[in-house]
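Worksheet: one structure, shown below.
The values are calculated or read from the model by the stated rules, or taken from the named source; none is laboratory data. Values in this document were obtained by computation on a predicted structure and should not be read as measured data. Cβ sites come from the backbone with ideal geometry, for glycine too, and all protein chains shown count toward neighbours. Surface accessibility is based on the protein's heavy atoms, side chains included, excluding ligands, DNA and RNA. Shrake-Rupley method; radii C 1.70, N 1.55, O 1.52, S 1.80 Å.
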Amino acid sequence: MPLAKHILWRVILGFITLFFASVLIFMMTNLLPGDPARAILGPRATPEKLAILREELGLDRPVAVRYAAWLGDISHGDLGTSLAGMQQPVTKVIGRRLYNSFLLVVLAAFVSVPLSMGIGAYTALKRDTKLDATATIATLTLSALPEFVIGIVLILLLSTQVLHILPPISRLDPFAPYLGQLDLFILPVMTLTLAVLPYIVRLLRASTIEVLESEYISMARLKGLPEPLVMRRHSLPNAVVPAIQGTAMQLAWLAGGIVVVEYLFAYPGIGSALVDAVSNRDYPVIQALSLILAATYVFLNLAADILTILITPRLRTGMR
Amino acid sequence: MSTPMENSVDLLPEGPEIPHVTASRRHRREWVQTAKAAWALRRTKIGVGLFLVILAIALFGPLIAPYGPTEFVGKPYRMPSATAWLGTDNLGRDVLTRVLNGGRTVFSLSLTATAVGMAMGILLGMFAGYSRRSVDDFTMRALDIVMAFPHIVFVLLIVAALGPRPWLIALAVAIGHAPRVARVARGATLEIVGRDFILASEMLGTAKWRIMVTELFPNITSPMFVEFGLRLAYSIGTIAALSFLGFGLQPPAADWGLMINENRIGVAVQPYSVFVPVVMIALLTIAVSLIADGLARAIIGIDRRTGTE
């Protein structure tokens, strides 16, 4: 079946892209100037110590061999050993943080998608009113703001200067149940939500307007269906479809968005771990995290493409 | 982030009514038209006004600053007073002085990053769009590798390898932009390559690179200006974010992003040292986005008037 074949090809392409991305990650962290051993030991290290560490890190072997070994280890779930602090296995360093970040992204998605779709559809219904105009300006302004600016404004408003209702720092206690620490999630989730919201609002506003002008909506109205039912059964489902790809792309953006937002709130996830690893030049952790983030990003974008193909009849049947 | 402009590009009022006009002259008229239509929108005026105000602060701020950017004028985290109008920062330096000094790097780095990224992206995109199918596919697949990383992760990877240096940050942000710009440039190119005037040039035996420079490029400038605006807003945010993460400008430099990072621990005691640089960055990105939005709307408007589909 050509459709299945096409989708399979896209998935394979995704894996190929990711493979080359892993080569790029490895090259950047190995081939570029800057000696990892010297970076770890500092400028005053003796040549003997440097030589020992280089051997320990396997830096004396050819690059291709090292890359193959690295990829082999990854496929077994071994991400190497962190160079910083207690030299724990990378999997141990990032395991919990991976879960925390996953939680953060899922929460942000669950809040932002329905909220922004609702706002988008509502402003479309109220098209060309004052409310719509205000919302348009608000989303345009919000979409211009970098996420850390949104986060800092929220901290100023809600946890330091104006109100003091939320903690400005989200340092989760890993030994206590997260349900009791829900207040720590609010500001990071809010920041990510406000960052992805404007685009989805605009998408849904545009698609709803298009649907509302269609003949089947006029038909439903002429039939005498009550307006809420027209909205629920006819406009909303049809308006959501063209917005799915853009929405999924915004969720993929979260893979990068968490880096700054987690750092800002000291949230213990992989985003803040990446920032720490870059400051410490902790190469094994940098490699693992950038690969994980790239994989998430690639596959969420891929999912967006595939969903679009599946739900668009023209593409579904038009596939040769 | 993706742009809403990717497939709304059809600007050339082609047809027999303007014979013997070179592409560039025809384009110039169209570009003036776009700018005029954009200027008619209130959002463009507000955007340009805001942009000029902040640019003026960045350019002339250092000349009117009351103190030196690294001069200690009092105890750390003091609230505004007659001697320090916006208070002092984490080390007791004058916040107002550092705000006035902290804009030049923001402008120079983000403009450089955007210009370089646009140049690379346009070249790659036109090349891909005007090449044989196989070359096109190969180029775009290769660019997908850079696109596999969220922009900020890609920049962090380069910083991790080469260390935090301002020019490197600008270059890394530029490389991150390039494939995204290339996609838009390629899309715009593909819409034009089949047109008669391109085919005519080809039949006259004009070299491909010359067609790219004299025929293709002038006809994709309008969408590229919109793209430049969107990319610039994004560059400002990313470069400020990198300074905020500690990988951009290094202390004791005065830079809006760095100021936010240095002073955020004291935000409960002295909010101005964080709030003012945040507002500067926010207003700048808003200004640039407003201009880009005005241009984008102007292009769509022109489309409607000339009746092209």
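What is the angle, in °, between the Cα long axis of helix B:42-64 and the longest principal axis of the Cα atoms in chain B? Nearest 10 is fine, range 0 to 90.
Helix B:42-64 sits at roughly 50 degrees to that axis.
Ordering B:Arg93, B:Arg43, B:Arg297 by accessible area with a probe of 1.4 Å, largest first, what comes out? Intermediate results must be reported in sequence, preceding the final value.
On the way: B:Arg93 10, B:Arg43 50, B:Arg297 110 Å².
Highest to lowest solvent-accessible surface, that is B:Arg297, B:Arg43, B:Arg93.
Helix-derived [θ] at 222 nm for the protein assembly as shown: sum -39500 (n - 2.57) over DSSP H runs of at least 4, divide by residue count, nearest 500?
The helix contribution divided over the protein assembly as shown gives -24000 deg cm²/dmol.
Quote the charge dipole size of chain B about the Cα centre in Debye, to the nearest 20; the model charges only the Cβ of Lys and Arg (+1) and of Asp and Glu (-1).
For chain B, the charge dipole is close to 400 debye.
For A:Thr91, what accessible surface area do you get with a 1.4 Å probe? Give it in Å², rounded to 10.
We get 60 Å² for A:Thr91.
Pairs of alpha-carbon atoms within less than 8 angstrom and 6+ residues apart define the contacts here; what relative contact order does the range B:233-280 have, in percent? Could the numbers behind the result be given before it?
Values: 46 pairs, mean separation 13.7, N = 48.
Relative contact order comes out at 28 percent.
Relative to the longest principal axis of chain A, what angle (0 to 90°, nearest 10) does the C-alpha long axis of helix A:130-144 take?
Rounded to the nearest ten degrees, it is 10.
On C-alpha positions alone, give me the angle between the axis of helix B:166-193 and the longest principal axis of chain B, in degrees, nearest 10.
It works out to around 20 degrees.
How big is D, in µm² s⁻¹, for the range B:105-253 by Stokes-Einstein at 37 °C and 0.692 mPa s if Rh is the Kirkwood radius over C-alpha pairs?
202
Lys and Arg at +1, Asp and Glu at -1: add these up for the other residues within a Cβ distance under 14 Å of B:Gly49 and post the number.
Residues close to B:Gly49 contribute a combined charge of +3.
Check cross-link reach from B:Lys36 to the lysines: straight Cα distance under 16 Å, and skip same-chain residues fewer than eight apart.
B:Lys45
Choose one of B:Leu143, B:Pro271, B:Met79: the residue whose Cα lies farthest towards the positive end of the charge dipole of chain B (beta-carbon charges +1 Lys, Arg; -1 Asp, Glu; about the Cα centre).
B:Met79
Debye calculation, C-alpha points only, no solvent: report log10 I(q)/I(0) for the range B:32-175 at q = 0.08, 0.13, 0.17, 0.18 Å⁻¹, in the same order as the q values.
Result of the Debye calculation: -0.41, -0.88, -1.08, -1.10.
Please tell me the relative contact order of the range B:105-253 in percent, rounded to the nearest whole number, where contacts are Cα pairs under 8 Å and at least six residues apart. The partial results should precede the final answer.
Details: 165 pairs, mean separation 55.0, N = 149.
So the answer I get is 37 percent.
Ratio of Rg to Rh for the protein assembly as shown, alpha carbon only, Kirkwood?
On the Cα set of the protein assembly as shown, Rg over Rh gives 0.98.
Quick one: net charge around B:Ile286, please, counting Lys, Arg +1 and Asp, Glu -1 for every other residue with C-beta under 15 Å from its C-beta.
+1
Going from most exposed to least, what order do A:Phe185, B:Phe275 have by accessible area with a 1.4 Å probe?
Sorted by accessible area, descending: B:Phe275, A:Phe185.
Let me know the mean shielding of A:292-303 by other chains, meaning the per-residue number of their Cβ atoms within 10 Å of its Cβ.
3
Let me spell out the model: positive unit charges on the Cβ of Lys and Arg, negative unit charges on the Cβ of Asp and Glu, origin at the Cα centre of the range B:224-309. What dipole size does that give, in debye rounded to 20? Could you put the intermediate results ahead of the total?
Numbers: 5 positive and 6 negative charges, 26 e Å.
Magnitude of the dipole: close to 120 debye.
For chain B, modelled as a GNM with alpha-carbon contacts under 10 angstrom, which of B:Ile192, B:Ile236, B:Ile145 fluctuates the most?
Among B:Ile192, B:Ile236, B:Ile145, the largest mean-square fluctuation in the Gaussian network model of chain B belongs to B:Ile145.
Can you tell me the relative contact order of chain B? Whole percent, Cα pairs under 8 Å, sequence separation 6 or more.
Details: 462 pairs, mean separation 90.8, N = 309.
Normalised by residue count, the contact order of chain B is 29 percent.
So what's the net charge close to B:Val73: Lys and Arg +1, Asp and Glu -1, counting the other residues with Cβ under 14 Å from its Cβ?
Here the count lands on +1.
Chain pair A, B: how much accessible area is buried, both chains summed, with a 1.4 Å probe, in Å² to 100?
Interface between A and B: roughly 4000 Å².
Just to make sure I understand: if all protein chains stay in place, what is the order of A:Thr134, B:Thr206 by accessible area at 1.4 Å, largest first?
Putting A:Thr134, B:Thr206 in descending order of accessible area: A:Thr134, B:Thr206.
For B:Met118, what accessible area in Å² do you get when you roll a 1.4 Å probe over the heavy atoms of the protein chains, rounding to the nearest 10?
It works out to around 10 Å².
Quick one: pull the percentage of alpha-carbon pairs in the range A:95-281 with a separation above 26 Å. Don't jump to the answer; show the numbers that get you there.
Values: 7081 of 17391 pairs.
Result: 41 percent of Cα pairs exceed 26 Å.
What number comes out for accessible area per residue over the range A:95-281 if the probe is 1.4 Å? Units Å², please.
Spelled out: the 1.4 Å probe surface of the range A:95-281, per residue, equals 45 Å².
In whole angstrom, note down how far apart the Cα centers of the range A:72-125 and the range B:81-104 are.
With the range A:72-125 and the range B:81-104 each reduced to a Cα centre, they are spaced 38 Å.
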